[in-house]
1. Considering only region 15-30, I want to know if a residue exists there that is at positive phi and touching a helix residue (DSSP H, G or I) at 6+ places or on another chain (Cβ under 8 Å).
2. Being in contact with a helix residue (DSSP H, G or I) (Cβ under 6 Å, 6 or more places away or on another chain) and not acidic (Asp, Glu) narrows it down to one of Val258, Val266, Val289, so name that one.
3. Of the residues Ala237, Ala202, Ala224, which single one is over 29 Å from Gly339 (Cα atoms) and either of a type in the set (D, E, K, R) or surrounded by 15 or more Cβ atoms within 10 Å (Cβ to Cβ) (or both)?
4. Looking at Ile85, Ile8, which is the one that is touching a helix residue (DSSP H, G or I) at 6+ places or on another chain (Cβ under 8 Å), β-branched (Val, Ile, Thr) and over 28 Å from Gly343 (Cβ atoms)?
5. Mind listing whichever residues of region 296-313 are in contact with an Asp or Glu (Cβ under 7 Å, 6 or more places away or on another chain) and over 16 Å from Ile187 (Cβ atoms)?
6. Does region 156-168 contain at least one residue that is hydroxyl-bearing (Ser, Thr, Tyr) and open to solvent by less than 20 Å² (accessible area, probe 1.4 Å)?
7. How many residues, within region 260-277, are of a type in the set (Ser, Thr, Tyr) and within 16 Å of the ligand (Cβ to nearest atom)?
8. Has region 253-269 got at least one residue that is assigned to a strand (DSSP E or B), buried (at least 21 other Cβ atoms within 10 Å of the Cβ), in contact (Cβ under 8 Å) with a residue 12 or more places away in the chain and of a type in the set (Phe, Trp, Tyr)?
Amino acid sequence: MLPPGRTIGILGGGQLGRMMAVAAAQLGYRCHIYSPEEHSVAAEVSEDATCAGWYDARELARFARGCDVITWEFENVPVAPLAPIAAKLAPHPRALEVAQDRLSEKRFVENLGGRPAPFAEVDSEEDLQAAFERIGLPGILKTRREGYDGKGQWRFESERDAEGLTLHQGGFIYEGLVHFDGEFSVILVRGADGEVRFWDSAQNVHHGGILATSSLPAAGFVAAQVPEARLLAAKVAEQLGYVGVLALEFFATKDGPVFNEMAPRVHNSGHWTIEGAETSQFENHVRAVLGLPLGDTATIGREVVMTNLIGAAGSDAAAILADPSAHLHLYGKAEAREGRKMGHVTKVFR
Ligand code: AMP
């Protein structure tokens with residue numbers, strides 16, 4: 001257990017790091033952000049920041065020397081350059097390796113008894129044709145790496161939609177379209193001693209591949225699938241020797257939960273926990289990586305709704321705050337580009 005006053009290094013400088021740093025400060029810890037972007041919104045609320053590339057071994061080593069423990073808020077941090085600083089990392093970077101590739105992620109989960117959407121590895125136009133035949137249409141072609149918020153995804157209704165497409169080696173996965181009644185996530189925290197706690201599962205609604213809202217309680221047909229999904233999430237955490245917050249996203253179908261993807265980090269569908277749970281996902285992640293006792297994950301109130309502020313939606317803070325029950329979080333991003341997460345609002349109904 002690291003005493004207050006010590007420094008937590010965070011790889012990545014986005015809003016997840018920002019909210020993690022705020023939680024760490026409340027517990028008396030300092031944060032040092034490492035990020036390639038010059039204006040990182042996490043650095044704004046942190047003691048220290050290093051702006052350098054992921055492959056800058058000298059800067060990474062210097063950063064690591066000043067940190068007592070290092071975690072991440074960005075799941076696409078390249079794994080290879082982390083080897084020299086691995087002793088300070090939590091969770092173990094194996095979790096990054098698995099989750100950064102949609103193919104390895106799905107195989108990993110299948111081996112643990114989970115059920116993903118039917119999928120096929122696609123490295124060429126011929127592979128895609130074969131995938132259409134085996135899995136059928138409609139379906140979604142996704143880049144194996146680096147896709148997020150619906151980016152790097154193409155929906156196909158018919159084979160004609162794929163005409164003129166050029167695919168490269170090692171790059172894609174084709175998934176059958178899942179007919180779901182709802183989407184939900186399982187978020188857990190696993191302590192250094194292996195203790196696992198779950199937050200209640202939020203029901204998630206996505207628009208154009210981007211999370212729009214997370215609401216609790218989830219509808220009955222979704223809630224009924226949570227226990228099975230939790231069993232899988234706990235197995236994933238255990239298998240990875242995971243320490244910290246881990247999120248798994250699921251489709252609730254008439255045949256039970258279908259695994260969509262995992263995030264080895266705090267997750268957008270857990271932002272509601274800041275005001276809606278006894279202990280937030282950010283605080284419990286910090287507690288876990290520091291080896292501190294975990295906080296209570298119980299939900300506060302009978303209903304909680306988190307709404308993402310995307311693009312221009314967060315520009316009128318006064319209008320949002322005119323509702324006295326609104327908890328507004330703005331991430332401090334300068335430019336409100338379309339599809340960009342600018343902040344979120346949480347309402348807790350007691
Ligand atoms: P992803 O980036 O893979 O999490 O996809 C973002 C969102 O797109 C999901 O939360 C779903 O709403 C939708 N989606 C992705 N894959 C599928 C699928 N195989 N079937 C149906 N909807 C999907």
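1. Taking every residue of region 15-30 in turn, none turns out to be at positive phi and touching a helix residue (DSSP H, G or I) at 6+ places or on another chain (Cβ under 8 Å).
2. Unique residue meeting the criteria: Val266.
3. Matching residue, one of Ala237, Ala202, Ala224: Ala237.
4. Ile85
5. Result: Gly311, single match.
6. Checking region 156-168: not a single residue is hydroxyl-bearing (Ser, Thr, Tyr) and open to solvent by less than 20 Å² (accessible area, probe 1.4 Å).
7. The total comes to 1.
8. The answer is yes; a qualifying residue exists.
The values are calculated or read from the model by the stated rules, or taken from the named source; none is laboratory data. None of the values given here were measured: they were computed from a predicted structure. Cβ: placed from backbone, ideal geometry, glycine included. Neighbour counts: every protein chain shown. Just so you know, the surface numbers come from the protein's heavy atoms only, side chains and all, with ligands and any DNA or RNA stripped out. Shrake-Rupley method; radii C 1.70, N 1.55, O 1.52, S 1.80 Å.
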